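I have placed the structure first, in the form of structure tokens, so that the comments after it can refer back to it.
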Amino acid sequence: MATPPHRRTEGVTVVPDDTRPAVVIGVDIGTTSTKAVAYDTEGRQLGSHSVGYPLDDPQPGYAEQDPQLILDAVLRSTSMVVAELVEPVAGLSFSSAMHSLIGLDADGNPLTPSVTWADSRSTRQAERLRAVPSGLALHRRTGTPIHPMSPLPKLLWFAEQEPKLFERVAHWVGIKDWVLLRLCEALVVDHSVASATGLMDIHRLEWDSEALTIAGITEEQLPQLVGTTAVLPGLTAQAASVTGLPQRTPVVVGAGDGPLANLGLGAVHPGMVACSIGTSGAMRVMVEQPSVDPLGGVFCYALTEDRWAVGGAINNGGIVLKWAGEALAPDLGEHSEEELVALAARAPAGSGGLIMLPYLHSERAPHWSALPRGAYVGLTHGHRREHLVRAALEGVCQQLALVLASVRAAGNEVREIRAGGGFARSGLWRQILSDVLGLPVSFPAAHEGSSFGAALLGMQALGLIPSIDVAADLVRIEETVHPDPAASATYASLLPLFAELYDALVPTFTSMRRLAPGLPAEPEPSAGPPM
């Protein structure tokens, strides 16, 4: 970039016009790929393209990426979708994984990789912050738990471990902020992504002065805060040329992938919960005012100024089933998910009293600690691998049940649950989720989740739909699974034991961390951290 990044935020005036094209491309910048999907105002998918990239782990605890590869993926996926379309494009709208951090020089060039949410190098900094009395107050004010996933502890790590580099950084941004800087020459961050940094006061929609002081940075080093429906006035000549779009194409800043996944599932009204289990998992309910429960068990991230996602994310979702296949049933071969689930179906609900804590990649909600490890408890000579596999599936759902309990503890009503993600292809896993939660769970027909949410948000910003509330009507429910009374009773009796095990094992987890440097190295995982 020849000139320093600047703050071009005057935007464009959007006037609803029935003659304008009604196709918006939702661009979802994920942890392992970027997917661009074109939708019309009826929710029909008109084109889709995905481009992947690696997640690098050069040292234990690191999980970082090359920002340039992600920018290239955004440009390529968008250009491929544009080439598929007959209809003109009304605009682009963005979603992205939250909690990433990149240090830029004064010209907007990266001085660091993109440090992702899965990076745990700042564990000690996060634990130190959590231990002080102001830690919980900071969580309540910013909506972001004190955890190594978030940029605040990451900034502390850079200040303490890389002080010379820290001093050179002119701007600290997230991955979507940097992509928009390259596409539109605007240094901005939306309220949604900012609400996941641990640096923004969610009640005032301003950078939090105490958080900035703790991080050792100034407001001038951060992008300008804008609403999620802010519209940037077009693309650079280079971005327009690469994507095949007119340079004047409006670009909607968009939001974080979590709140947009709620929108993509149609869970936009208060009391509607969105549950997703992909490689990782999450449980989020929409509320109209920001709030965090007294114990700090949930996050609170913005979607719009009057829609907030309260909930929690877990590190271990589908990755647990993948591990079970590799460790417990390697004879089934790769891509054996169906065979594994069929194996698990041979065990009864409750896995014969066997409980698995599925903390293979540590954990987030509702305890927000990087300490825990996975464990099987209750193992007897009568258990076979079908019990171990089923207990793994049940453990993921039980962890989500703890998150749902924290959502309720924050004072939120739960009226309806909608679920999506890769796990939804499994009838058994669908049933286990409903049984463990003790509630009906509705499964929408396939939508691309966050990219659909981004497109809908863009349509509202561009005046193509009256509001994002139409999402509830556009998303068609394919199936509603009801809990089996007997299985649900079994899980209700086991859930308190599952919850107690975390607290009981914290001293053991702590001792294991202390002993780790003197023990043989951990075996290398077959895949990177969960997404």
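Ile217 contributes about 10 Å² of solvent-accessible surface, heavy atoms of the protein only, 1.4 Å probe.
Please state the charge dipole magnitude for the range 244-328, taken about the Cα centre, from unit charges on C-beta atoms (+1 on K and R, -1 on D and E), reported in debye and rounded to the nearest 20.
On the way: 4 positive and 6 negative charges, 46 e Å.
Charge dipole of the range 244-328: 220 debye, to the nearest 20.
Taking amide H atoms as placed 1.01 Å from N in the peptide plane, the amide H of Asp208 lies under 5 Å from those of Met200, Asp201, each 5 or more residues away in sequence or on another chain. With one equal scatterer per alpha carbon and no solvent term, the Debye-computed log10 I(q)/I(0) for the range 397-531 at 0.17, 0.18, 0.19 1/Å reads -1.09, -1.14, -1.18. Comparing Cα centroids, the range 332-411 and the range 121-184 end up 31 angstrom apart. Annotation for the range 30-93 versus the range 451-511: alpha-carbon center distance of 24 Å. Per the Cα gyration tensor, the range 354-451 maps to an equivalent ellipsoid with semi-axes of 24, 18, 14 Å, ordered largest to smallest. Backbone geometry of the range 316-327 corresponds, through the Karplus equation with coefficients 6.51, -1.76 and 1.60 at θ = phi - 60°, to 3J(HN,Hα) couplings of 10, x, x, 4, 5, 5, 4, 4, 4, x, 6, 8 Hz, x marking Gly and Pro. For the chain, the relative contact order works out to 17 percent when only alpha carbon pairs closer than 8 Å and six or more residues apart are counted.
When nucleic acids and ligands are ignored and a 1.4 Å probe is applied, Thr32 ends up with an accessible area of around 60 Å².
Stretching Ser467 away from Asp56 to a fully extended chain increases their span by 144.1 nm, per 0.36 nm per residue minus the current alpha-carbon distance. Rolling a 1.4 Å probe across all protein chains gives Trp323 an accessible area of roughly 80 Å². Sequence-ordered 3J(HN,Hα) estimates for the range 222-227 from the Karplus curve with 6.51, -1.76 and 1.60 and θ = phi - 60° stand at 10, x, 6, 6, 9, x Hz, glycine and proline given as x. Charging the Cβ of each Asp and Glu at -1 and of each Lys and Arg at +1, and nothing else, the dipole of the range 85-202 about its Cα centre rounds to 500 debye.
Of the trypsin sites (Lys or Arg not before Pro) found in the range 141-219, the ones in coil according to DSSP and having at most 14 other Cβ atoms within 10 Å of their Cβ are Arg204.
Residues of the range 342-453: accessible area per residue at 1.4 Å, in Å²?
33
Distances between placed amide hydrogens fall under 5 Å for Val273 paired with Arg415, Glu416, Ile417, Arg418, all partners being 5 or more residues away or on another chain.
Evaluating 6.51 cos²θ - 1.76 cosθ + 1.60 at θ = phi - 60° for every residue in the range 195-204, the Karplus couplings come out as 5, 9, 8, x, 10, 10, 6, 6, 7, 10 Hz, glycine and proline recorded as x. For Asp119, the residues whose modelled amide H falls within less than 5 Å of its own, excluding neighbours fewer than 5 places apart on the same chain, are Ala63. Per residue, the convex hull around the alpha carbon atoms of the chain comes to 140 Å³.
With the highest mean first, a sort of the peptides 513-520, 377-384 on other beta-carbon atoms found within 10 angstrom per residue produces 377-384, 513-520. Its Cα centre serving as origin, the chain has a Cβ charge dipole (Lys and Arg +1, Asp and Glu -1) of approximately 760 debye. Of all accessible surface on the chain at a 1.4 Å probe, what whole percent is carbon and sulfur? On the chain, the fraction of accessible area on carbon and sulfur atoms equals 53 percent.
The values are calculated or read from the model by the stated rules, or taken from the named source; none is laboratory data. Values in this document were obtained by computation on a predicted structure and should not be read as measured data. Cβ atoms come from the backbone with ideal geometry, glycine included; neighbour counts cover every protein chain shown. The protein model used for the area step is the full one, side chains on, heavy atoms only, and it has no ligands, DNA or RNA in it. Shrake-Rupley method; radii C 1.70, N 1.55, O 1.52, S 1.80 Å.
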